[in-house]
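Throughout, read-outs are computed from the coordinates displayed, never taken from laboratory work. Being a predicted model, the structure only gives us computed values, none of them experimental. All Cβ positions, glycine included, derive from the backbone under ideal geometry; neighbour counts span all protein chains shown.
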Amino acid sequence: MKTIAIVGGGMTGLSAALALADADQPVRIVLLEASDSFGGVCRSQRWGDVLCEEGPDSLVITKPASIELCERLGVELVPTLPSTGGALIAKGNRLLPLPEGFQLMAPSRFLPFVRTDHVSWPGKLRMGLDLLLPRGRYADDEDVSLAEFVRRRLGQEALDRLAQPLIAGIYSGDPERLSLRSTMPDLLGIEDTYRSLTLGMRARAKARPDAKASGARYGLFRTPLRGMAAIPAAVVAALDGKAELRTGAKVLGIDRREGGWTVRLAGESLDVQGVILATPHTVAASLLAPHAPSVATALRGIRTSSTATLNMLFRRSAFRRAGLPRGNGFVVPAVEQGRTLMACTFATNKYPGRGDDEHFLLRGFIGGELGRAQFGKGDEELRIGTMADLRALLGVSEDPVRSHLRRWTNAQPQYELGHIGRVRRIEQGVAAIPGLELAGNAFAGVGLGNVVVEGRQAAERLLAAAGSASEGRT
Ligand SMILES: Cc1cc2nc3c(=O)[nH]c(=O)nc-3n(C[C@H](O)[C@H](O)[C@H](O)COP(=O)(O)OP(=O)(O)OC[C@H]3O[C@@H](n4cnc5c(N)ncnc54)[C@H](O)[C@@H]3O)c2cc1C
């Protein structure tokens, strides 16, 4: 029986292992995870009755693979709580609601937008020009930055005050560098069809029942009732008896040999017929460098950003001055000087079980591409800066009763200009290496819905190649 080693036990590697276990072809599966647990960045903690997430907290229904995986494995999912308000954006010491009907980049309803304080009157007039401007003219494969696109359609102020913080909330990226085609190709489609983003958003919103909602539409999200860590735990349980699951197994190198690979770990090595690299792409670059230097170079060309999450559990009395936070959270434009936070989720308002009668949970995000200086600060400085932001923006009057800071260093790949071409070169390079596949969040989507598909497809490609190789020999 063939042995396939999967390197990396995050959701990409776990999904690959499950696909191998499901396949008709019997294979020995060895999943090698460097840390002491599976799940990668999916980590949850329980503080008494309160659940908090160190990494991701949401599954989006438009990328259904992760939701389908949960349904298959019996992981109970819950939707977001009925909204106490929409998304908020910081301006000075105020948190301003996104105007009703504002969908990501452009207003779909005019009156609520005209009344908003996010942008000045000249800024609103410039945004209004979107109704008149002609379509942009791009060659089929021409890449354009998110910032350039938004600036051309809606103006600089809309970019600084609305688009940039909303984009940072998703990609932790710098819109001047992010590729529109790789991150939000929908916007190009809307311009193509409707010419104006505003008219396009308006037409789309009319077709939806929640036309009054603004910003992120929370009905789009689900979370496991028992926390994100329940997903890898369920996969591990499903693999019981079908795969060898090893933690504390850091892969130091892979070497080619006749008919397969030797996987090197500290003090031992494994001879296998196939390898799936499901580590962060930066690790995959080092493992591949001796065998495919050009692939390693292309992988290293995908830059990363770092984010810290700071979970803070407050007594409800800490909000007595301004009242409990309403809505699901806020984002902070990078043009707001001197803030530590890039964004903050009002976790207790967002999902059930993320607070209790006495406590309210906030989850701060620090860093991202435009917050590198903040991420570089020491833990204590981050906590002090965050509390200063929360005092100014939410009127918080007491320190949290419990908090936890988790740094995710270089965990978020940036889909920058030229990403599509770079990924194509990586795919071509990897396709030329027999018995090896690459999967993860650096290529076709950063969300869990994407990586579940990535892992599965890598497993299917490897099995298909193994199948056709043995047919060739018969
Ligand atoms: C703070 C944060 C919030 C996010 N929020 C969301 C969200 O709400 N919704 C969403 O859909 N997505 C979200 N994402 C993105 C999503 O969680 C990730 O893209 C996805 O989980 C990545 O999974 P992965 O398995 O590819 O990588 P990882 O989770 O990074 O797993 C890779 C694994 O490889 C292991 N490894 C590394 N080197 C080696 C080695 N040499 N040998 C063996 N093992 C090794 C690591 O220990 C790790 O366990 C978020 C990401 C972050 C960081």
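Provide the gained length on full extension for the span residue 294 to residue 140, in nm with one decimal, where the gain is 0.36 nm per separating residue minus the Cα-Cα distance.
Numbers: separation 154, 0.36 × 154 = 55.44 nm, distance 2.59 nm.
So the extension gain works out to 52.8 nm.
Summing Cβ point charges (Lys, Arg +1; Asp, Glu -1) relative to the Cα centre of the chain gives a dipole of roughly 1280 debye. Here the scattering of region 1-140 is modelled by Debye summation over its C-alpha atoms, one equal scatterer each and no solvent; at q = 0.09, 0.18, 0.19 Å⁻¹ the log10 of I(q)/I(0) is -0.57, -1.12, -1.18. Shape index of region 102-211: Rg/Rh, with Rg the Cα radius of gyration and Rh the Kirkwood radius from the inverse mean 1/r over Cα pairs, equals 0.94. The value of relative contact order for region 25-156, using C-alpha pairs under 8 Å at least six residues apart, is 11 percent. Beta-bridge orientation, the chain: approximately 75 percent antiparallel, per DSSP, counting only bridges with both partners inside.
Stretched out straight at 0.36 nm per residue, the stretch from residue 225 to residue 152 would grow longer than its current Cα-Cα span by 22.0 nm. For region 102-211, calculate the relative contact order in percent as a whole number, restricting contacts to Cα pairs under 8 Å that are 6 or more residues apart. Worked out over region 102-211, it gives 36 percent. Ellipticity at 222 nm from helices only: DSSP H runs of n ≥ 4 in the chain, each -39500 (n - 2.57), divided by the residue count, give -10000 deg cm²/dmol. Spin-label model, residue 49/residue 125: points 7 Å from Cα along the beta carbon direction are separated by 5.6 nm.
Per-residue counts of other Cβ atoms within 10 Å, averaged by peptide: what ranking do you get for 319-327, 272-280, 413-421, highest first?
Ranking, from highest mean packing down: 272-280, 413-421, 319-327.
Put simply, the amide H of residue 355, placed in the peptide plane, has neighbours under 5 Å in 51, leaving out anything fewer than 5 places away on its chain.
Here the Karplus relation 6.51 cos²θ - 1.76 cosθ + 1.60, evaluated at θ = phi - 60°, turns the backbone of region 354-367 into coupling constants of 9, x, 9, 4, 9, 10, 10, 9, 10, 10, x, 10, 10, x Hz, with x for every Gly and Pro.
Annotation: extensible slack from residue 464 through residue 35 equals 151.4 nm (criterion: 0.36 nm per residue apart, minus Cα-Cα distance). Short-range pairs are left out: with C-alpha atoms under 8 Å and at least six residues apart, the relative contact order of the chain is 26 percent. Distance between the C-alpha centres of region 34-59 and region 293-340: 17 Å, rounded to the whole angstrom.
More than 34 Å apart: what percent of Cα pairs in the chain qualify? Display every interim value, and only then the final one.
Working: 42685 of 112101 pairs.
Value for the chain: 38 percent of Cα pairs lie more than 34 Å apart.
Listed by number, the DSSP H helices of the chain that run 20 Å or longer by alpha-carbon position along their axis and have mean Kyte hydropathy of at least -0.5 are 379-394, 448-473. Identify, among 193, 132, 171, the residue whose Cα sits farthest towards the positive end of the charge dipole of region 102-211, taking +1 on the Cβ of Lys and Arg and -1 on the Cβ of Asp and Glu, with the dipole about the Cα centre. Toward the positive end, the furthest listed residue is 132.
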